[in-house]
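Below is one structure, written out as structure tokens; the observations come after it.
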Amino acid sequence: MSTHEKSKELYERACRVLSGGVASEFRKFSTPHPLFYSRGEGSRLWDVDGNEYLDFTLSQGPLVLGHSHPEVLAAVAEASQQGQLYAGQHLQELELAEMLQRLIPCAERLRFSLSGSEADHAALRLARAVTGRPRFLRFEGHYHGWFDSVSWSVGGALSDLGPRDEPTPVPWSQGLPADSRHEFLVLPWNDLAMVERVFARHAGELAAVITEPVMCNNGCVPPQPGFLHGLRELCDRHGTLLIFDEVITGFRTALGGAQQHFAITPDLAVFGKAMASGYPISVLAGQERYMRLIAEGKVIHAGTMNSGNPSVAAALKTLTILERDRIPEELRSKGEFLMAGLAEASRRAGQPLLIQGLGPMFHAGFSPLAAVRDYRETLTYDKGAYARFVAGMHARGIRLIGRGLWYVSAAHSQSDLERAISTAHEVLRGM
Ligand SMILES: Cc1ncc(COP(=O)(O)O)c(C=O)c1O
């Protein structure tokens, strides 16, 4: 029987110094309370009480090669010996940019930042400057970082969302500027007819449509056939930019991201997470005719800490391994195996666990629906039941994200996957 005594003590101490005891909002929602970890290696993570976990959170996605990949650690150590940050260019930064340019379809030009939130912010600023238009179209339940203008309609109860064809923007936080409410038009995802209606009324105002190419932040909802294509066509027709937020899909669905997987090239795209095995780096990638405004200094993008040696070395090594060992294909087959096994386990246990996604990342949740297509339908998930499932898995040494997303890594072995399936069956049967 696992205990979390030391973690509990440290968490109580942390609450006296860190707001909420954590450094990011999403870390608050942990079982049985935010835990303190002391080590990660491969597919495993250990807490300060000595409990071992088979880890499917992968630090919310970045650890695509698992924890502490030795080649990445060696590359980081070597680069760190050469200095940390030059406030100037370096060869590895150039090599990384060239690699990304080769891998990502829309990446004619790039700029590095530290986080997905920052790179999303830069993409929106650039789209406004390119088009001279003030507003954006975004989709309910998508997440594009925590900055002011995008902190609307990330979540919300059905009663707050307003009518489907004209949703009410729902604030995610207090303290947002009142006018940021009008920066975005909001729609449910996956409904092209509604997007067409918005374009018919507002095309001249729309700088960009921003979307996760797979809605990963609520459920893991693939685009309906033709939806992304339809967005591309509408944007082309109306001089609106199409921005793919690939912070989760990037380097997981394919090396070139979901844009390669679905064969749809956006005008701008944002990558982060899986790029550098947990080191802070993100990238804004885009077509030269738009990124030119950054080159000319008309649109400002900056950052003291951008493209530091350790992060760049980690990214270069991570991407080299992903390509060399064909990891995205491996993640797909591992993920599909796990998805099928979990679906079969829930069927045998008589539980309505809906498994949905692409494989490298997927979602599990208790829903009466056969499939979920947009944020409103994700509200059918029984969160209490999933919390009990997560707690049951956790008590048996398997760490999951509370909101249902599962991440698969190159470090997960076949026996890890089989253990996750058999443990899930045991937990589901007992529910
Ligand atoms: C799709 C998407 N965009 C942007 C972000 C923000 O990235 P970061 O947490 O690195 O700021 C996230 C983070 O989860 C994300 O999932």
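Consider ASP179 carefully, then state whether it is assigned to a loop (DSSP other than H, G, I, E, B), acidic (Asp, Glu) and away from the ligand (no atom under 16 Å from the Cβ). Spelling it out, it is not the case that ASP179 is assigned to a loop (DSSP other than H, G, I, E, B), acidic (Asp, Glu) and away from the ligand (no atom under 16 Å from the Cβ).
Could you identify the single residue in ALA345, ALA371, ALA411, ALA364 that is small (Gly, Ala, Ser) and under 23 Å from PRO32 (Cα atoms)?
Numbers: ALA345 fails: under 23 Å from PRO32 (Cα atoms); ALA371 fails: under 23 Å from PRO32 (Cα atoms); ALA411 fails: under 23 Å from PRO32 (Cα atoms).
Answer to the check: ALA364.
Does TYR53 satisfy being at pLDDT 95 or above, open to solvent by less than 20 Å² (accessible area, probe 1.4 Å) and of a type in the set (Ser, Thr, Tyr)? Yes, satisfied. Exactly one residue among ARG292, ARG252 is touching a residue at least 60 places away in the same chain (Cβ under 8 Å) and surrounded by 20 or more Cβ atoms within 10 Å (Cβ to Cβ), and that residue is ARG252.
Name the one entry in SER115, SER59 that is within 16 Å of the ligand (Cβ to nearest atom), in the same structural domain as SER409 (by TED's automatic domain parsing) and within 20 Å of VAL270 (Cα to Cα). Break it down into steps so the answer makes sense when it comes.
Numbers: SER115 fails: in the same structural domain as SER409 (by TED's automatic domain parsing).
Only one candidate qualifies: SER59.
The set of residues in region 310-319 being open to solvent by 10 Å² or more (accessible area, probe 1.4 Å) and either of a type in the set (S, T, N, Q) or at pLDDT below 95 (or both) consists of SER311 alone.
In region 234-253, what residues are of a type in the set (A, V, I, L, M, F, W, C) and more than 16 Å from the ligand (Cβ to nearest atom)?
Going residue by residue through region 234-253, those that are of a type in the set (A, V, I, L, M, F, W, C) are 234-235, 241-244, 247-248, 251.
Selection gives LEU234, CYS235, LEU241.
Taken together, ARG109, ARG138 contain a single residue that is within 21 Å of ARG232 (Cβ to Cβ) and away from the ligand (no atom under 16 Å from the Cβ), which is ARG109. Among residues of region 118-153 being within 19 Å of PRO266 (Cα to Cα) and assigned to a strand (DSSP E or B), the one that is most open to solvent (accessible area, probe 1.4 Å) is ARG135. Check whether at least one residue in region 274-284 is under 29 Å from TYR381 (Cα atoms) and within 16 Å of the ligand (Cβ to nearest atom), and report yes or no. Yes: one or more hits.
The values are calculated or read from the model by the stated rules, or taken from the named source; none is laboratory data. Note that the structure is a prediction, hence the values are computed from the model and not measured. Here the Cβ is made from the backbone with ideal geometry for all residues, glycine too, and neighbour counts use every protein chain on show. Side chains are part of the model used for accessible areas, which takes the heavy atoms of the whole protein and leaves out ligands, DNA and RNA. Shrake-Rupley method; radii C 1.70, N 1.55, O 1.52, S 1.80 Å.
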